[in-house]
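Everything on this sheet refers to the single structure shown next.
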Amino acid sequence: MDKAEAVPRPAKPARQTLRSGSAWLEDDGSVARTDRPTVFTFAAPASPAAARPSHDSRTPHARFPSRPETRSRVAVIGLDGVGLPLVQDLTAHGVMPRLAALLPAGTAAPMRSSIPTISSVSWTGFMTGQNPGKHGIYGFTDVKPGTLTTFFPNFGNVKSETLWDVAGRAGKRAIVLNVPNTYPARALNGLLVSGFVAVNLERAVYPPELLPRLREDGYKIDVDYLNADQRPEAFFADLAATLDARRRVYLRLLADEPWDLFIGVITECDRLHHYFWSQYVDPAAPHHARFLDFYRRLDDVLGALAEALPAGTPLFIVADHGHTLIHREFYPNAWLRAEGLLRFTSETPKGLADVDPASKVFVLDPGRVYLHRRGRFPLGTVGPAEAEDLLARVRAGLLALRDASPGAPAGGRPVPRVFGRDELYHGPELDRAPDLVVHFADGYDPKGALAKRELFGRSALTGMHTYADSLFFVNRPGVPADGLDIVDLAPTVLALLGVEPPPNMDGRVRLPP
């Protein structure tokens, strides 16, 4: 690529109010549970505006609009880890012309992710329209009740029905492809191919008769991204092959299968961003051109999928979170160890089984704080009398941390906010929530590593998740998008299908007035 073609690093988006499920973080640090939508319609690439919630009532069911026309089909394309600023940058510089042609006729806006900002939580919020206190997924890992044994929650651990379950009861047939946290596949009115973390393709497919067609098209659940930085040639080749296979399968199923709801997620973007985001922001980097070439291929896929839809079909292109450059990784368990609040029975702890009974607090990825409570954990010693003081100490200590390294973002303040669980979550699964959730400033990537002694560090990863700028696009103008949250997607899609969203969904219907 010529230097003239290089895409410059995009400007950092304006700070925005934060929300998770039905809780918001205002610019002044206060928490609110209400908002008022306004219109954000895409006109030209620009930094997303800050959303300002007000204090009206949030009753999602009451906001279901009465519409004389029933929209019989809806398509959703998910782009894992793609923020609105990236799309604005690449469309403005001619890297994604087919997506650029779609944008002016619809509504594009920044959308809030989940807290914690991690794909298993975010995509579960997307498919249920609920906060983790209802759907029960708080991270990629969790602790088995009454133990210190960690496990990977999967689709069987999701406590809520999905939007395609609701649509299926109304007679709507769905094709659901590669949505994270849908493994193992389970029955629905339609077809489902599980996404990350799927262990094997055989258990990732419903109905099983679909499996030979996937194999014929060379379908892969995910790209092989382990140590991608050390083997870029193999990684970029696999990235392209995985995307090409996904294109073949998605287009074939769109054409050959009857459907009312199509959902297809592309996760290759996220894998690229984690290892090669530094190559995007630096036009002189050796893999900058390859980064852009992937997005040219992705643009072709998006264009082909859009063309394959029946005329007039509502099309959403959405993401679970955005990405930004990592300045430093942050290890809160190292701070707990330095404070004497976390101890281990081994010099090189490998898991929670090595936690010393005298420990008071530990952290799981990516900033979920758990008191070592008596009654919750087998060797826990923290009782109700000391719990509040401990939580206050941890909150104050994390908020006071500073990073003096050169170029430190956010004024060297890695932790701008620490939430209590009741501030973020509500529902029957609340008792399984962490006691606190640490929200991190962009540039500080939180890790739950147990063996680290240093507070800050680096790894091979260069891109981290962002909360407030996930991509939202729908090919309908005038959609109310201020304060948009990922849990709003499920009720909105159902409304477009002519199916009334269940009243227990936390999200709100987002249709033009």
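Only the coordinates and a few stated rules stand behind these numbers; no lab work does. This is a predicted model, so every value here is computed, not measured. Cβ sites come from the backbone with ideal geometry, for glycine too, and all protein chains shown count toward neighbours.
Kyte-Doolittle cut-off -1.0, length cut-off 30 Å along the helix's own axis using Cα: show which whole DSSP H helices in the chain pass. Intermediate results must be reported in sequence, preceding the final value.
Numbers: long enough: 232-256 (36 Å, 0.16); 288-308 (31 Å, -0.01).
Helices meeting the span and hydropathy rule in the chain are 232-256, 288-308.
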Discussion item. From Cα pairs below 8 angstrom and at least 6 apart in sequence, can you work out the relative contact order of the stretch 109-172, rounded to a whole percent?
Written reply: 27
Response to the item:
Scalar couplings 3J(HN,Hα) for the stretch 443-460 by Karplus 6.51 cos²θ - 1.76 cosθ + 1.60 (θ = phi - 60°), nearest whole Hz, x for Gly and Pro, are x, 10, 8, x, 9, x, 3, 8, 8, 5, 9, 8, 7, 10, x, 9, 9, 6
Worksheet item: Given 311, 477, 276, which one lies farthest toward the positive end of the charge dipole of the chain, if we put +1 on the Cβ of every Lys and Arg and -1 on the Cβ of every Asp and Glu?
Response: 477
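Quick check for me: using +1 on Lys/Arg Cβ and -1 on Asp/Glu Cβ, what's the dipole size of the stretch 415-513 about its Cα centre, in debye to the nearest 20? Intermediate values should be presented prior to the final figure.
Working: 10 positive and 14 negative charges, 74 e Å.
Rounded to the nearest 20 debye, it is 360 debye.
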Practice prompt. Note down the magnitude of the dipole of the stretch 330-457 about its Cα centre, charges +1 on Lys and Arg C-beta and -1 on Asp and Glu C-beta and zero elsewhere, to the nearest 20 debye.
Written response: 160
Practice prompt. Over the chain, calculate the relative contact order: mean separation of alpha carbon pairs under 8 Å at least 6 apart, over the residue count, as a percent.
Written response: 28
Worksheet, complete the sentence: Filtered pair list for the chain (Lys only, Cα < 24 Å, 8 or more apart or interchain) has a length of 15
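How high is the relative contact order of the stretch 330-457, in percent, with contacts defined as C-alpha pairs under 8 Å that are six or more residues apart? Numbers along the way, then the final one.
Working: 202 pairs, mean separation 44.5, N = 128.
RCO, the stretch 330-457: 35 percent.
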Worksheet entry | Residues whose placed amide H lies under 5 Å from that of residue 76, excluding near-sequence neighbours | 262, 263, 264, 316
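Consider all pairwise Cα distances in the chain and report the whole-number % of them above 43 Å.
On the way: 16633 of 131328 pairs.
Distances greater than 43 Å cover 13 percent of the Cα pairs.
Please give the charge dipole size of the chain, origin at the Cα centre, charges +1 on K and R Cβ atoms and -1 on D and E Cβ atoms. Round to the nearest 20 debye. Please list the in-between numbers first.
Values: 58 positive and 58 negative charges, 125 e Å.
I would put it at about 600 debye.
In deg cm²/dmol and to the nearest 500, what is the mean residue ellipticity at 222 nm of the chain if only DSSP H runs of at least 4 residues count, each as -39500 (n - 2.57), divided by the residue total? Provide the component values of the computation, followed by the final result.
Values: 13 runs with 137 residues, N = 513.
Result for the chain: -8000 deg cm²/dmol, rounded to the nearest 500.
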